[in-house]
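Take a look at the structure below.
Each reported figure results from applying straightforward, stated rules to the coordinates on display, with no laboratory input. What you see is a predicted model; the values in this text were computed from it and never measured. Positions of Cβ are generated from backbone atoms using ideal geometry, with glycine treated the same way; all protein chains shown enter the neighbour counts.
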Amino acid sequence: MNDKDPISQNESMADVEPVAHTPTITLRRAQEERLLQTWETPSGWRYWSSVNNSDVGLWYTGMALVFFLFAGVLALLMRIQLAIPNNTFLSAEFYNQAFTVHGSVMMFLFALPIFEAIAILLLPQMLGARDLPFPRLSAFGFWCFLLGGVFLCGSIFFNAAPSGGWFMYPPLTSKYQTGIGADIWLLGFSFIEVAAIAAAVEMIVGTLKCRPPGMRISLMPLYAWYVLVAAAMILFAFPPLIAGSVLLEIERAFGWPFFNPEGGGDPLLWQHLFWLFGHPEVYIVFLPSVALIAMIVPTFTRTPIVGYTWVVLAAIGTGFLSFGLWVHHMFTTGLPGISLGFFSSASEAVAIPTGIQIFCFIATVAAGRVTRSVPMLFALGSMMIFVLGGLTGVMVAIATFDFQAHDTYFVVAHLHYVMVGGVIFPMIAGIYYFFPLVNGKKLSDKLGYIAFWITFIGFNITFMPMHFTGLRGMPRRVFTYPAKMGFDTLNFVSTVGAFILGAGIAVILWDLVRPKRKEPYSDRNPWNAGTLEWLQEMPGKPWGIRSIPEIDSRYPLWDQPNLLRDVDEGRFYLPDAEELQRETIVTSVIDAKPQQCLRLPGSSFITLYAAFTLGGFFIFGTYHWWGLAMISLALSVGVISYWLWTGPTSEKVEKDVGLGLTLPTYVSGPASITWWAMCITMLADLTAFISLVFGYFFYWTIHDDFPPQPSPGPGLMWPLTACVLLLGAWGLTVLAVRWNNHNQTHAFYFGLAAAFLLGLSGGAALIAGPWFTGLNPQEHVYPATVWILVLWTVIHVVVGMYMQLYCVARRLAGRMTARHNGDIINVALYWHFIALTVFITVAVIAGFPLVV
Amino acid sequence: MQPREVKETHERNQSLWLLIVSPTIWAMHFLACYLTAAIWCAKYAGPDRSLGIVREAIAVYTVIALVGIFIIGFVGHRRHRFQHPTTSHERDTPEDRHRLLGFATVLLSGLSAIATLFVALAAYFIEKCD
């Protein structure tokens, strides 16, 4: 910094120093007691009502590992079956269920949740926050995940599991598999995807708004950048799958022919929607894992990461490019060659940012002095495996090569090199590295080294031969093969390798669960790392961080003198909990200037009730018990409303958070985290809607006459009426914000009441269009598509009307005032999205038939 | 004291959106190329399956996209060179943060430009739908 520059000096003077004198021991004891009382973990069976990120993150991680082991055992069973030709160890039907459940569980119940789990556990620590911005939302996500996961895994014990592959291609999964398996997959995973989107909202708001004061965006740990990118990707990747699942489930349950060519549908649409999710998903699970390496490598080389900005480039660049790759899973479906060309070139381009980050890690290793350690060994091993998987990825991204390798074991080898190198090894590195933060003790170095070599060797023995099995022509997903095709030896070697790999995993598992009572607690910051999570005491305290520090560096523990002491002695922000309320600091997006002292909710079983009632809707739906499903849904709406209604309140307008800083305890609009959460959620919702609209135009491209002539509806009058009425409801809701803020009580109540009625009549008018023109959705895909757009919109309008009533009730109860106006502002924001949805729906269903 | 600089590096005048403009241009270009070609081949291509006007259209898209990416890259470059003396990004100052976001914008623009050219090359080499 140029010291002569007055501006820079002003800015640097803005950096707050910790309290200069040592707080008295009596004061510190009193503060600690109050903090402990506020953040205390409930005991006994009430332990499960905890919403603290350190508890929820631990359950989440543990459960994800359980599902990992479950799917791993299925893999071993498959390897036994394939060890010798013509084996009869497993039946064909069970084998189909096993590979479907193995793939689905690894992707949906392990790879993705472990990212959310680790982020919930560690992100607040890395950001020096007491907790994530929505602790109860994390707990809700966990319970959804647990219920959905157990339901899905359990089905295989009743011989009822899905068996159509993890990508569920119709018509196999619509016409030919009429059992319950596919429904379990579609509804079970839709339920878990809701949890994933909830976690994404949490991650984005957490990284952007809950950083410690002074941690500018340019000082943020790389992990946070990766989490931000991966969470943003979830918002755009999962909705297409949810939309696809809705369509496929409706086809299965009610016979609307979305993917059935006899009714004008097309199974390819499913493949588009699935891979529009499926390919980004690979990067969604890869980025947060490689982020762990970005934290581990600097620690063990004792040097800051080389090329911070380049790694940021790699994270964001990969995030974008990965959305342009989905068709490379569909190279053999007969799409025009030019389309394949586009996707092939984008697939090659994604190698650039992926390579850049690997080079940054290698450069960091080269620049520093590497300390021998288990996490570093797994990190280096993961890079080796991942690079090999990346290289075969470049091969299969070339369409002509893919024509040969498609659906063979070459692809199985490729994807396991990518996933094990890109997800599992970094995650094991992360477990060895971060374990002291969980219970204050280190894992065994000795067992770690043994486990590394067994898993590394076992992995390569298993999957290296599969490249050759695949090139020799062995197809994927066959339950057995004839002898003397050239597959025998290779398969046998793979099976032996799989058991070696399994043994390595067993060693790690033992290290995790073996009793450690007699071992001493680890030193604080045992690896001598530079980032904030290592401020934690051993063992950790439920409050997370004793006081929230001012940050001046990317590696504050290396660069900021006395940081540990100052944090511990409560010389920074929020050293106390005078009102016995859980609190953390909300800061601005770019420079992390303090904006709000956020009150956080405490332990509660409400999240569990909400998850189980919502889960009831999906699970009863699987069995087509629609009555029970609807009752369950209604219950969950009630529970969630109660949850929102009883959220944390603030009895003070402002609060002194220490170091001479006073912050408001309540903010609304774009400064508040709930506004961001609503905005982010609705972006995901809009993406799902756009996927349905994509379906409409997709059908247009494959049919010569779409809409079929003579044009059967929904006509112009009803949709236009609906559009006018619903835009009116939107306008009144937006005006209601003003009326609320100006305390024009009558205008507010009447305005919202009128908006409610307009919403009701508008929704009815929208349904009237296809209804009165006699569109039968079971007959042809055109009416089915019109109906799905209409129903999607109407359901959103109904939810919007419920929100209007909620705001009226809040104001009547005095819980919403001119100043505490967050509810109505967020509802108005929701209605902005509804207005856009209504406009697009009407433009498509009424407008598009006019122009073709 | 130079008020212009205060304004330029102040948090109010910064946003993360600039980072993703170039990749978004790439995404729009990609979608435009894909949709144009897919719709043409499904609906309008004659019996010779020629791409016809699609290739010219893609050339136009590419020029527009590259110009857009170049402009964003240039803005990023100016921020990166802000107060020119160093290329430091690590320190805790608004200038360093400004330079870092500028540099990241430049890098993302470069990547987006390469990726855009990659996609355009497919249309350069391939003359027919299939």
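One decimal place: the segment A:Phe158-A:Ala506 gains 122.6 nm when fully extended, by the rule 0.36 nm per residue minus the C-alpha distance. Diffusion coefficient (Stokes-Einstein, Kirkwood radius over C-alpha pairs, 10 °C, 1.306 mPa s) for the range A:527-617: 102 µm²/s, rounded to a whole number. Sorted from greatest to least, the principal axis extents spanned by the alpha carbons of the range A:460-572 come out as 74, 37, 21 Å. Our estimate of slack between B:Leu16 and B:Glu90, defined as 0.36 nm per intervening residue step minus the Cα-Cα distance, is 24.9 nm.
Give me a single rounded figure for B:14-23: the average over its residues of other chain Cβ atoms within 10 Å of their Cβ. Could the numbers behind the result be given before it?
Numbers: counts 5, 2, 6, 0, 0, 4, 4, 0, 3, 7.
Mean number of neighbouring Cβ atoms from other chains: 3.
What does the charge count around A:Lys441 come to, taking other residues whose C-beta lies under 12 Å from its C-beta (Lys +1, Arg +1, Asp -1, Glu -1)? With Lys, Arg at +1 and Asp, Glu at -1, the neighbours total +2.
Both the radius of gyration and Dmax for chain B are 19.6, 70 Å, in that order, over alpha-carbon atoms. Taking label positions 7 Å along the Cα-Cβ direction at both A:Arg476 and A:Phe401, the computed distance is 1.7 nm, reported to one decimal. Taken over the Cα atoms of the range A:55-513, the convex hull encloses 136 Å³ per residue.
Which value, in debye to the nearest 20, describes the size of the charge dipole of chain A about its Cα centre when Lys and Arg Cβ atoms bear +1, Asp and Glu Cβ atoms bear -1, and nothing else is charged? Before the final figure, lay out the partial values.
Numbers: 43 positive and 49 negative charges, 259 e Å.
About 1240 debye.
This model, with +1 at the C-beta of Lys and Arg and -1 at the C-beta of Asp and Glu, gives the range A:55-513 a dipole about its Cα centre of some 1200 debye.
In order along the range A:417-424, phi translates into HN-Hα couplings of 4, 5, 6, 6, x, x, 10, 6 Hz, rounded to whole numbers, per the Karplus curve 6.51 cos²θ - 1.76 cosθ + 1.60 with θ = phi - 60° and x for Gly and Pro.
Using the Cα coordinates of the range A:684-851, the gyration tensor eigenvalues translate into equivalent-ellipsoid semi-axes of 35, 14, 11 Å, sorted from longest to shortest.
What is the sum of charges around A:Ile450, taking Lys and Arg as +1, Asp and Glu as -1, for the other residues whose C-beta is under 15 Å from the C-beta of A:Ile450?
On the way: positive: A:Arg372, A:Lys446, A:Arg514; negative: A:Asp445, A:Asp511.
With Lys, Arg at +1 and Asp, Glu at -1, the neighbours total +1.
In order along the range A:642-653, the phi-based Karplus estimate (6.51 cos²θ - 1.76 cosθ + 1.60, θ = phi - 60°) of 3J(HN,Hα) comes to 4, 4, 5, 4, 9, x, x, 10, 10, 7, 9, 7 Hz; Gly and Pro are listed as x.
For A:Gln595, the residues 5 or more places off, or on other chains, whose built amide H falls under 5 Å of its own are A:Val586, A:Thr587, A:Ser588.
If you take each beta carbon of peptide B:113-124 and count the beta carbons of other chains within 10 angstrom, what is the mean? Write down the numbers at each step before the final one.
Numbers: counts 0, 3, 11, 3, 2, 12, 8, 2, 3, 10, 4, 1.
For this peptide, the per-residue mean of nearby foreign Cβ atoms is 5.
Determine the alpha carbon to alpha carbon distance for each of A:Lys446/A:Lys541; A:Lys209/A:Lys518; A:Lys541/A:Lys655; A:Lys442/A:Lys655; A:Lys593/A:Lys652; A:Lys209/A:Lys541 and list only those over 32 Å.
On the way: A:Lys446/A:Lys541 28 Å; A:Lys209/A:Lys518 41 Å; A:Lys541/A:Lys655 24 Å; A:Lys442/A:Lys655 39 Å; A:Lys593/A:Lys652 21 Å; A:Lys209/A:Lys541 23 Å.
Flagged as over cut-off: A:Lys209/A:Lys518; A:Lys442/A:Lys655.
A Förster distance of 30 Å, applied to the separation of the beta-carbon atoms of B:Lys43 and B:Val67, puts the FRET efficiency at 0.55.
Dividing the radius of gyration of the alpha carbons in the range B:47-112 by their Kirkwood radius gives 1.32 for Rg/Rh.
Annotation for A:Val150 and A:Met464: the two label points, set 7 Å from Cα along the Cα-Cβ direction, are 4.3 nm apart. For A:Ala367 and A:Thr701, the difference between the fully extended length at 0.36 nm per residue and the C-alpha to C-alpha distance is 114.8 nm.
Could you work out the relative contact order of chain A? I mean the mean sequence separation of Cα pairs under 8 Å and 6+ apart, divided by the number of residues, in percent.
On the way: 1424 pairs, mean separation 138.4, N = 852.
Relative contact order here is 16 percent.
For a paramagnetic label modelled on A:Arg738 (point 7 Å from Cα along Cα→Cβ), amide N atoms under 20 Å away belong, within the range A:788-827, to A:804, A:808, A:817-827.
Sequentially through the range A:719-734, phi angles give Karplus couplings (6.51, -1.76, 1.60; θ = phi - 60°) of x, 5, 4, 4, 4, 4, 4, 6, 5, x, 4, 5, x, 5, 5, 5 Hz, Gly and Pro residues having no value and appearing as x.
Cross-link candidates for B:Lys128: which lysines have Cα within less than 29 Å, leaving aside residues fewer than 8 places away along the same chain? Qualifying lysines at Cα under 29 Å: B:Lys43. Computed from the C-beta positions of A:Lys446 and A:Ile80, the FRET efficiency with R₀ = 45 Å rounds to 0.90. For A:Leu600, the amide hydrogen comes within under 5 Å of the amide hydrogens of A:Arg582, A:Glu583, A:Thr584, counting only partners 5 or more places away or on other chains and with H modelled in the peptide plane. Taking only the C-alpha atoms of the protein assembly as shown, the Rg (one decimal) and the largest Cα-Cα distance, Dmax (whole number), read 28.3, 89 Å. Could you tell me which residue out of A:Leu608, A:Thr584, A:Thr665 lies farthest along the dipole of the range A:558-690 toward its positive end? Charges go on the beta carbon: Lys and Arg +1, Asp and Glu -1, centred on the Cα centre. Result: A:Leu608, furthest along the dipole toward the positive end. Ranked by the mean number of other Cβ atoms within 10 Å of their residues, highest first, the peptides A:57-67, A:822-832 come out as A:822-832, A:57-67.
For A:Phe259, the residues 5 or more places off, or on other chains, whose built amide H falls under 5 Å of its own are A:Asp266. Across every pair of non-identical alpha carbons in the range A:472-537, the mean reciprocal distance, once inverted, gives a Kirkwood radius of 16.8 Å.
Calculated [222 nm] ellipticity per residue, helices only, for chain A: -21500 deg cm²/dmol; basis is -39500 (n - 2.57) per DSSP H run with n ≥ 4, divided by all residues, nearest 500.
Put a dot 7 Å past the Cα of A:Asn562, heading toward its Cβ, do the same for B:Leu121, and the two dots end up 5.8 nm apart.
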